[in-house]
Amino acid sequence: MNPFSGENHRKRGGDHSHLLATKLHIPPWRSAWVARPQLVLHLQRSLEQNRKLTLISAPAGYGKTTLVVEWITQIRSRTELPPPKIGWLALDESDNHPDRFFAYFVAALRQWEDSFCTELFTILQAGQIPPFETLLTTLVNEMSAWQELHLLVLDDFHHIQEVGIVDCLSALLTYQPNSFHLVLVTREDPPLPLGRLRAQGQLTEIRAADLRFSEDEAGCLLRERLRLELSASDVAHLTERTEGWAAGLHLAGISLQGRQNPSSFVRSLSGVQRFFLDYLTEEVLRTQTEEIQDFLLKTSILPRLNGALCNTVTKRTDSAKLLERLWTANLFLIPLDDKGQWYRYHHLFAELLQHKLRLEQPDLVQDLHQRASLWYEEQDIPDMAIRHALAIGDKR
């Protein structure tokens, strides 16, 4: 019986026969980028060790996609072994539907072999989706016939939240053959069985801490790529203030171009300068729900955050869980311990949030500091209680 005939598949959306070809194009490597050979080597080992999944998860602007493009460029330049066949899919919000997602998913793998999942592809293009078991079985069985390694990169995977898609990918990671390797590039951790894969040695991870630029890398970007005349102390200060955030360094470099006294600008760098303000607002803050934005603004006055303190300041009861969600979502939140109890915001992000809080809710700032001061007093932490008490009248 044809598994795709009759009632075995359901109509889910419109006709997707005309897929956008540019979503399947691998971005070119640009010589103006800063090479990351150690990270590329780390990624290459994930293939050599036959791992199932590579996860590159970090906030906006950390150079995730750039790193993968560099890796692919290195793979293609190797001559000692035949390179894997590489597919690419750039995702956006419109792809968060099973028929559309898997139509593109299969299309990305068909770039090298147009006979792959032909019947399934035809059905998906028509805006239909077969039963979960049929979809999974077809993908795994046809992948198992591959003689060469196939690598598929799903860029901006944070746009995919639909349960059906995630469940199918979870099952695929369980049953996928050694001839297939999946790479997810995302701003937040996907709801996949990462713990199980990690325990099985089947997961390679690169995160914000790995992607932060060193002083040498920052110097390469600022001096060699952007051709700025900066002292070693200027580079060190920029690296420290941006915490190695690639986009932050690049935005700072753009701001520095043409300035007669770059050192003065470097010393005054903050998250409310125009380039940072625009980027963080557009790429990070505006993508969050009103609830999350409210939490971020109210807790921005805190140099350190934990669940109980944030509950007091925001008058919530679920701040610990919310902080864990923000951490999983890579929302410029940095852990201060191994237990997931204390965090802080990236310095530039905190400055942006504080700036918006003073603009939008200036009368609230006093109350927030007062709540924080009382909490620290109750915890017998006098230095922080005094710090917030002194800030109570600060409405700048």
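The values are calculated or read from the model by the stated rules, or taken from the named source; none is laboratory data. Note that the structure is a prediction, hence the values are computed from the model and not measured. Note that we place each Cβ from the backbone using ideal geometry, even for glycine, and neighbour counts take in every protein chain shown. When the accessible area is computed, the model is the full protein with side chains, heavy atoms only, and any ligands, DNA or RNA have been set aside. Shrake-Rupley method; radii C 1.70, N 1.55, O 1.52, S 1.80 Å.
Once segment 93-110 is narrowed to residues that are of a type outside the set (A, V, I, L, M) and out of contact with any Lys or Arg (no Cβ under 8 Å at 6 or more places or on another chain), the residue that is most open to solvent (accessible area, probe 1.4 Å) is E93. With respect to T118, is the statement that it is among the polar types (S, T, N, Q), modelled with pLDDT of 90 or more, open to solvent by less than 30 Å² (accessible area, probe 1.4 Å) and over 23 Å from S46 (Cα atoms) true? In short, no. Counting only residues that are among the acidic types (D, E) and part of a helix (DSSP H, G or I), which one in segment 226-240 is most open to solvent (accessible area, probe 1.4 Å)? Once the filter is applied, the top-ranked residue is E240. Taking segment 189-220 as the range and being without any contact (Cβ under 8 Å) to a residue 24 or more places away in the chain and open to solvent by 40 Å² or more (accessible area, probe 1.4 Å) as the test, the residues that pass are G195, R196, R198, A199, Q200, A209, D216. Can you report the number of residues in segment 352-361 which are open to solvent by less than 50 Å² (accessible area, probe 1.4 Å) and either under 19 Å from E240 (Cβ atoms) or assigned to a loop (DSSP other than H, G, I, E, B) (or both)? Summing the residues that are open to solvent by less than 50 Å² (accessible area, probe 1.4 Å) and either under 19 Å from E240 (Cβ atoms) or assigned to a loop (DSSP other than H, G, I, E, B) (or both) in segment 352-361 gives 1. Taking first residues from segment 40-54 that are of a type in the set (S, T, N, Q) and partners that are open to solvent by 60 Å² or more (accessible area, probe 1.4 Å), the Cβ contacts under 8 Å between residues at least 6 apart in sequence or on separate chains come to Q44/Q74; N50/N178. Checked against (1) at pLDDT below 90; (2) open to solvent by less than 50 Å² (accessible area, probe 1.4 Å); (3) of a type outside the set (S, T, Y); (4) within 27 Å of R198 (Cβ to Cβ), E48 meets all criteria but (2).
Is segment 145-163 home to any residue that is in contact with a His (Cβ under 8 Å, 6 or more places away or on another chain), in contact (Cβ under 8 Å) with a residue 60 or more places away in the chain and on the phi > 0 side of the Ramachandran plot? Checked segment 145-163: no residue is in contact with a His (Cβ under 8 Å, 6 or more places away or on another chain), in contact (Cβ under 8 Å) with a residue 60 or more places away in the chain and on the phi > 0 side of the Ramachandran plot. Look at (1) in contact (Cβ under 8 Å) with a residue 60 or more places away in the chain; (2) in contact with a strand residue (DSSP E or B) (Cβ under 7 Å, 6 or more places away or on another chain) and you find that L352 fails only one, number (2). In segment 170-209, the residue that is farthest from G63 (Cα to Cα) out of those that are within 20 Å of the chain's Cα centre (by Cα) and among the charged types (D, E, K, R) is R198. The set of residues from segment 76-115 being in contact with a strand residue (DSSP E or B) (Cβ under 7 Å, 6 or more places away or on another chain) and not hydrophobic (A, V, I, L, M, F, W, C) comprises P84, K85, G87, P98, D99, Y104, Q111.
Scanning segment 121-134 for residues that are surrounded by fewer than 22 Cβ atoms within 10 Å (Cβ to Cβ) and assigned to a loop (DSSP other than H, G, I, E, B) yields A126, G127, P131.
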